[in-house]
Amino acid sequence: MFHIIFSNLLQQKNITPYKIAKDTGISQGLMNNYKNGVKSPTFDNLLKIANYLNVSVDFLLGRTDNPEINKPLTDIGSSSSDSQCQRPNSPPSGDNMPE
């Protein structure tokens, strides 16, 4: 499913696998393998491709028809703190619960 969606996006946006490879640091061989369905991207490469194409990972994987839903954060891993990410209004994790 990924390779079909990926190929369609390349055509729609008039982008070559070579261009994405050059701009993202993913090898050209892997990009062609992804496009042709020979291989599936690793999670890291999937994030790079989604960010580059400005779509969500869920869209690339065929889990939604809306490319806007659950877009990846571009600054994941850029924080130097060890804080845990929590959803708004979620209870604190068990580690911080009073006894």
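Residues in region 1-23 that are surrounded by fewer than 15 Cβ atoms within 10 Å (Cβ to Cβ) and among the polar types (S, T, N, Q): Asn8, Gln11, Gln12, Asn14, Thr16.
For the residues Val55, Val38, the requirement of being hydrophobic (A, V, I, L, M, F, W, C) and surrounded by fewer than 16 Cβ atoms within 10 Å (Cβ to Cβ) singles out Val38. Filtering region 44-70 to residues that are part of a helix (DSSP H, G or I) and out of contact with any helix residue (DSSP H, G or I) (no Cβ under 6 Å at 6 or more places or on another chain) leaves Asp44, Asn45, Leu47, Ile49, Asn51, Asp58, Phe59. On inspection, Asn66 does not qualify as at positive phi, of a type in the set (S, T, N, Q) and within 16 Å of the chain's Cα centre (by Cα). Taking Pro41 as meeting all but one of (1) within 10 Å of the chain's Cα centre (by Cα); (2) farther than 14 Å from Ser7 by Cα, write down the number of the exception. The failed condition is (2).
Read-outs: derived from the displayed coordinates by stated rules, not from any lab. These figures come from a predicted structure and were not determined experimentally. Note: ideal-geometry Cβ built from the backbone for every residue, glycine included; neighbour counts use all protein chains shown.
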